[in-house]
Amino acid sequence: MVHLTSPAFKANAARALSDAGLQKALARSKPQFQAKRAKAAAGLPEFEALRDIARDIKNHTLAHLDFYLEDYAAKVEAAGGTVHWCATAEDARAAVLRICRAAGARTVTKGKSMISEEIGINEHLEAHGITPVETDLGEYILQLRREPPSHIIGPAFHLNREDWEKSFRESHTDLPPDREFRERRDILAEARTLLRQKFLAADVGITGANFLIAETGSSVIVTNEGNGDLTQTLPRVHIVLASIEKVVPTLEDACVFLRLLARSATGQDFSVYTTFSTGIRRETDLDGPHEYHVVLLDNGRSNMVGTPFQDMLRCIRCAACMNHCPVYQSVGGHAYGWVYPGPMGSVLTPTLVGVEKAGHLPNASTFCGKCESVCPVKIPLPKLMRHWREREFERHLTPATTRFGLRFWAWFARRPTLYRWATRAAMATLGWAGRKRGAFAALPLAGGWTAGRDLPAPEGDTFMARYARQRREVRR
Amino acid sequence: MSREAILSAIRRGLRRGPLPPDQAAMLRGRIAAHPRHLIPARSRLPRAEQVALFVRNVEKEFGTVARLPDPSAVPGAIAEYLARQNLPPALVAAPHPDIAALPWADHPLLQVEHRAAREGDAVSLQHAFAGIAETGTLMFPSARERPTTLNLLPETEIVLLRASRIVGAYEEAWDLLRAENRDGRTGGFMPRNVMLVTGPSRSADIEQTLELGAHGPRRLHVLLVEDDPSARA
Ligand code: SF4
C-alpha cells in the first residue's frame with residue numbers, strides 16, 4: 001500500500017520545492033496540461049452545458065446508489081460475471097487473492113487503477129507469492145523504482161528522461177548494458193517488447209474501471225496505450241477493481257462523461273481506447289477471459305452519502321483539479337503523502353484515512369477556486385476543503401495540533417516559491433486577516449502585498465472568526 | 001455480509017430504507033428508455049459532410065484513411081498499403097462474412113488467415129461495426145467474426161468500414177448495436193466487449209511527449225468503402 005505520509009506534508013513539500021528534477025518536470029507539464037484542456041474545452045461549444053448535465057446525472061445516481069448498484073450487479077451476473085462486495089480495503093485484498101489462488105496464478109498483469117493503489121494490492125499479492133506486473137508505461141517504471149504515483153493520470157510525470165534510461169538499464173539486466181536510447185521512442189519500444197511477454201504469460205489481468213453501467217453490467221476503461229485492453233483480453237481471468245461511486249445508469253449517461261473526461265484530463269477529444277467489458281467469453285467467441293470478477297469496493301465511501309462530502313463521490317478522476325492547482329503545481333503529488341493528491345485528494349484522503357491523519361491536507365490550498373472552475377462534474381472543492389477545516393475546529397483539536405496548523409501557515413508564507421503564487425491572488429483570505437491584525441508584520445509576506453490589489457471577499461466568516469480567535473490564543 | 005453492510009450504509013446516508021417499488025419501477029423505466037442527453041451539434045451534418053468529419057477526425061488522431069469505390073478494391077488497396085509501409089504481404093483477418101467475400105483470389109501474393117490474432121502477427125484486418133464522426137471513432141463489438149485481439153496484438157491494424165455505417169454521435173452507434181445485436185448469453189444486445197477506438201495506440205508517459213505505438217497498434221489504417229451514394233465526397 002502507498003505508505004501514508006500525509007501528516008508530514010510540510011516536510012514533504014519542503015523537499016519537493018528543492019527537488020530540481022521534480023521542479024523541471026512540473027515546469028514542463030503545467031503549461032501543457034492547462035493549455036490542452038483549455039483548447040479541448042473551447043473546441044466543444046456544449047462543454048459547459050455538459051458539465052451541468054454530468055453533475056446532475058451523478059447526483060441522481062448517488063441519490064439512488066443502492067438501487068443502481070444492485071441492478072448493476074444483477075446484470076454482471078447475468079453475463080456470467082461475479083461481483084465481490086467489499087466493505088473494506090482488507091476485504092478487497094482478500095477477494096483478489098482468493099480469485100488469483102483459485103486460478104493458480106503466478107503472474108498477474110495490471111492496467112492502471114487508483115483503487116489498486118488505495119487497497120495496496122501489489123504488496124499483498126507479492127507477500128503471497130504472486131507477481132504483479134504494472135503495464136501502464138508510467139506505472140511500470142514506478143514499479144521498477146518502487147515509487148508511488150504522483151499524479152492520477154500521469155503517474156510518472158515527475159520523472160525525466162534520464163530517470164527512465166537509468167531505471168531501464170538497472171532493471172532490464174538481460175539486455176546489453178551499452179545499448180543506446182537515442183529517442184524517447186527507444187525507451188517505449190523496450191518496454192513494449194518486455195511487457196508483451198508479460199501480457200502473454202499472465203494468468204490473471206487486473207484493471208480498474210472509469211465507469212460501471214447499470215443498464216448492461218459493463219465496466220468501462222479509458223486508456224491510450226492499449227495496455228488495459230491487453231490486460232483484460234489475454235489472461236484467462238479478468239478482475240475489475242472498482243469503487244461503488246463509479247456506477248452510472250445507462251450508456252447514454254456514460255456518453256456525457258466520456259465527452260468530458262478526455263478533454264478535462266489530457267485535452268484529447270476522446271481517448272484512444274474506450275472499452276466496455278461485460279461478463280465472460282461467449283461460447284462462440286475466439287478470445288476474451290473465461291472468468292470475469294468485479295471487486296466492488298466501498299472503503300468508507302458509503303459513509304460520505306448524505307453528508308456534504310457526497311459531492312466528492314461525483315469525481316471521475318480526470319486530474320483537471322491538480323493540473324490547475326497552484327499548490328500541486330509547486331510541490332507535485334508525492335508531498336500529499338497518499339494515493340490521491342491535489343485538491344481532490346485533499347478532500348478525499350481525510351474521508352478515507354481519517355481526519356486525524358490527513359486533516360491538515362485541506363490547508364494545502366490557496367482557495368483560489370481554479371479547481372472547482374475546471375472540474376467537469378462541478379465538485380465544490382474549496383468549499384469541501386473549508387468544511388474539513390471547520391470540522392477540525394469544531395472537534396476542538398488540541399492546542400498542539402492547532403499550533404502546528406498555524407506554524408504550517410507561517411512556514412508556507414516564508415517559502416519564496418510558494419510565496420510568489422500565494423501573493424498572486426491566492427492566500428487572499430489569509431493575507432487579509434494577517435494585514436488587518438498586523439499579525440504577519442514579522443513575515444516576509446506583508447512586503448510583497450500590492451496595496452492597490454483587489455482583495456476577494458473572504459469566504460466563510462465562521463472560519464475567519466475562529467481563525468483569528470485561535471491565533472490570538474496561540475500568541476498568548 | 002459486505003453487500004448488506006454497504007447497501008444499508010448507503011440507505012442510512014440517504015435516510016431511507018430500500019427504494020419503494022414504485023420508485024424502483026420508475027428507475028427501471030429510465031434505464032429501459034435510456035434517454036439521450038445533450039448531443040453536440042458538431043456531428044449533425046448532411047451525410048457527405050458527416051463522412052468528411054469522420055475522416056478528418058481519424059486523421060487528426062494520427063490514423064489514415066483510404067476511400068475506395070467498392071469492396072472489390074479492398075485487397076488491392078491492402079497490398080499497396082503494405083508495400084508502401086515495407087511490410088510483408090501477410091495478414092490475419094477477422095472471420096467476418098464481409099471480409100471472406102472480398103476477391104482475395106485477385107491478389108494471390110497476399111497471405112490471409114481468417115482467425116483471432118496471435119503474438120507475432122504483424123498486420124490485422126478488422127471489421128468495423130460502425131464509425132462515429134464526432135471524434136473519428138471506430139466501434140468494434142466482439143463476436144466470433146470480430147475477435148478483440150485483432151485490435152490489440154499486431155503493430156498495424158487495417159480496418160474495413162462501409163460509409164453507410166458512419167453515424168454522427170456515440171448514441172447513434174449504441175442504437176445501431178441495440179437494434180442489430182443479440183447476445184446469446186444475456187438475451188440483451190451487449191456482447192462481451194465493445195472497443196471504441198480512436199487512432200493508434202500512444203503514450204505520453206515519458207516527459208509528456210506523445211509517442212505512437214505503446215502497447216497496441218502503431219498504425220491504424222481505415223479502408224472506407226463508399227457504399228452510400230449520399231455520402232460521397
Ligand atoms: S475532483 Fe473534479 S477535477 Fe478533480 S479529478 Fe475529480 S472530477 Fe476531475
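Output ³J(HN,Hα) for the range A:177-193: one whole-Hz value per residue in order, computed from phi by the Karplus curve 6.51 cos²θ - 1.76 cosθ + 1.60 with θ = phi - 60°, and x for Gly and Pro.
Taking θ as phi minus 60°, the curve returns x, 9, 4, 9, 10, 6, 10, 4, 4, 5, 5, 4, 5, 5, 5, 4, 5 Hz for the range A:177-193.
State in Å² the accessible area per residue of the range B:46-231; use a 1.4 Å probe, count heavy atoms of protein chains only, and round to the nearest integer.
I get 34 Å² per residue for this part.
How large is ³J(HN,Hα), in whole Hz, for each residue of the range B:159-169 in order, when computed from phi with the Karplus curve 6.51 cos²θ - 1.76 cosθ + 1.60 and θ = phi - 60°, using x for Gly and Pro?
Once rounded to whole Hz, the list reads 10, 8, 9, 8, 4, 5, 9, 8, 10, x, 10.
Long-range amide H contacts for residue B:166: which residues qualify at under 5 Å (H placed 1.01 Å from N, peptide plane, sequence gap of 5 or more or a different chain)?
Here B:131 satisfy the definition.
Label residue B:83 and residue A:5 with points 7 Å out from Cα along Cα→Cβ: what is the distance between them in nm?
Going by the 7 Å Cα→Cβ label model, 6.0 nm.
Need one number: nm distance between label points at residue B:22 and residue A:173, each 7 Å from Cα along Cα→Cβ, rounded to one decimal.
Between residue B:22 and residue A:173, the simple spin-label model gives 7.2 nm.
Using only the alpha-carbon atoms, what does the range A:1-160 span along each of its principal axes? Please give whole angstrom values in decreasing order.
48, 46, 29
Please identify the cysteines of the protein assembly as shown that lack any partner cysteine with a Cβ under 4.7 Å from their own Cβ.
Taking the Cβ cut-off of 4.7 Å, the unpaired cysteines of the protein assembly as shown are A:86, A:100, A:255, A:315, A:318, A:325, A:368, A:375.
Count neighbours as other Cβ atoms within 10 Å of each site's Cβ, and list the trypsin sites (Lys or Arg not before Pro) in the range B:1-104 that are DSSP loop with at most 11 such neighbours.
B:15
Provide the per-residue ³J(HN,Hα) series for the range A:44-61, in order, calculated from phi with Karplus coefficients 6.51, -1.76, 1.60 and θ = phi - 60°, each as a whole number of Hz, with x at glycine and proline positions.
Result, rounded to whole Hz: 10, x, 8, 4, 5, 5, 5, 4, 5, 5, 4, 4, 5, 4, 5, 4, 4, 5.
At the nearest 100 Å², what buried accessible area, both sides summed, do you get for B and A when the probe is 1.4 Å?
For B against A, buried area totals roughly 7900 Å².
Just flag the trypsin sites (Lys or Arg not before Pro) in the range B:150-199 sitting in loop per DSSP whose Cβ has no more than 11 other Cβ atoms within 10 Å.
For trypsin sites (Lys or Arg not before Pro) across the range B:150-199 that sit outside H, G, I, E and B with at most 11 neighbouring Cβ atoms in 10 Å, the list reads B:182.
Please list the non-local residues whose amide H lies under 5 Å from the amide H of residue A:206, H modeled 1.01 Å from N, same-chain partners needing a gap of 5 or more.
Here A:109, A:110, A:111, A:239 satisfy the definition.
Go through B:213-224, A:194-205 and give me the packing order, highest mean Cβ count within 10 Å leading.
So the peptides B:213-224, A:194-205, ranked by packing, come out B:213-224, A:194-205.
Once each part is reduced to its C-alpha centroid, what is the distance from the range B:117-132 to the range A:141-189 in angstrom?
Cα centroid of the range B:117-132 versus Cα centroid of the range A:141-189: 30 Å apart.
Where q = 0.12 Å⁻¹, what log10 of I(q)/I(0) comes from the Debye formula for the range A:44-302, counting one point per Cα?
-0.73
Per residue in the range B:214-231, which ones lose no less than 40 Å² of accessible surface when going from chain alone to all protein chains (1.4 Å probe)?
Checking the loss per residue gives B:214, B:215.
Output needed: percent of Cα pairs per 10 Å distance bin for chain B, bins running from 0 to the one holding the longest distance.
7, 27, 30, 18, 11, 5, 1, 0
Comparing the chain by itself with all protein chains present, which residues of the range A:283-301 are at least 30 Å² less accessible (probe 1.4 Å)?
A:284, A:285, A:286, A:287
For a Förster distance of 51 Å, can you work out the FRET efficiency between the beta-carbons of residue B:47 and residue A:290, rounded to the nearest 0.05?
The calculated FRET efficiency here is 0.75.
Go ahead and estimate [θ] at 222 nm for the protein assembly as shown from helices alone: -39,500 (n - 2.57) per DSSP H run with n ≥ 4, summed, over the residue count, rounded to 500.
-13000 deg cm²/dmol
Output the 0 to 90 degree angle, nearest 10, between the alpha-carbon long axis of helix B:2-14 and the longest principal axis computed from the alpha carbons of chain B.
Here the helix axis deviates by roughly 70 degrees.
Once you list every other residue whose beta carbon is under 10 Å from the beta carbon of residue A:291, what net charge do they have if Lys and Arg are +1 and Asp and Glu are -1?
Cβ neighbours under 10 Å give a net charge of +2.
How many Å² of accessible area per residue for the range A:44-302, probe 1.4 Å?
In whole numbers, the range A:44-302 has 29 Å² accessible per residue.
Within a 10 angstrom radius of each residue's Cβ in B:168-176, how many Cβ atoms of other chains show up on average? Whole number is fine.
3
Average partner chain C-beta neighbours within 10 Å, per residue of B:144-157?
Mean inter-chain Cβ contacts per residue within 10 Å come to 4.
Please list, ordered by chain and number, the residues whose modelled amide H lies under 5 Å from the amide H of residue A:248; skip anything fewer than 5 residues away on the same chain.
Amide H to amide H, under 5 Å and 5 or more residues apart or across chains, residue A:248 pairs with A:212, A:213, A:214.
Kindly provide the GluC sites (Glu not before Pro) of the range A:165-274 that DSSP labels as loop, not H, G, I, E or B, and whose Cβ sees at most 11 other Cβ atoms within 10 Å.
Answer in residue order: A:180.
Output the pairs from A:58/A:246; A:36/A:370; A:24/A:378; A:30/A:357 with a Cα-Cα distance over 19 Å in this structure; if there are none, say none.
Correct reply: A:24/A:378; A:30/A:357.
What part of the accessible area of the protein assembly as shown, given as a whole %, is carbon or sulfur when the probe is 1.4 angstrom?
Using a 1.4 Å probe with all protein chains present, the protein assembly as shown comes out at 53 percent carbon and sulfur.
Residue B:225 accessible area, nearest 10 Å², 1.4 Å probe?
Here the accessible area works out near 0 Å².
Dividing the Cα convex hull volume of the protein assembly as shown by residue count, how many Å³ per residue is that?
Taking only Cα atoms, the protein assembly as shown has a hull volume of 163 Å³ per residue.
Considering every residue in B:28-38, what mean count of other chain Cβ atoms within 10 Å of its Cβ is obtained?
For peptide B:28-38, the averaged partner shielding equals 6.
Quick one: if you stick a label point 7 Å off each Cα along the C-beta vector at residue B:232 and residue B:180, how many nm between them?
Output for this residue pair reads 2.2 nm.
What does the charge count around residue B:138 come to, taking other residues whose C-beta lies under 15 Å from its C-beta (Lys +1, Arg +1, Asp -1, Glu -1)?
Every neighbour counted, the sum reads -2.
The values are calculated or read from the model by the stated rules, or taken from the named source; none is laboratory data. No experiment lies behind these values; they were computed from the predicted model shown. Note that we place each Cβ from the backbone using ideal geometry, even for glycine, and neighbour counts take in every protein chain shown. Just the protein is used for accessible areas: all its heavy atoms, side chains included, with ligands, DNA and RNA removed. Shrake-Rupley method; radii C 1.70, N 1.55, O 1.52, S 1.80 Å.
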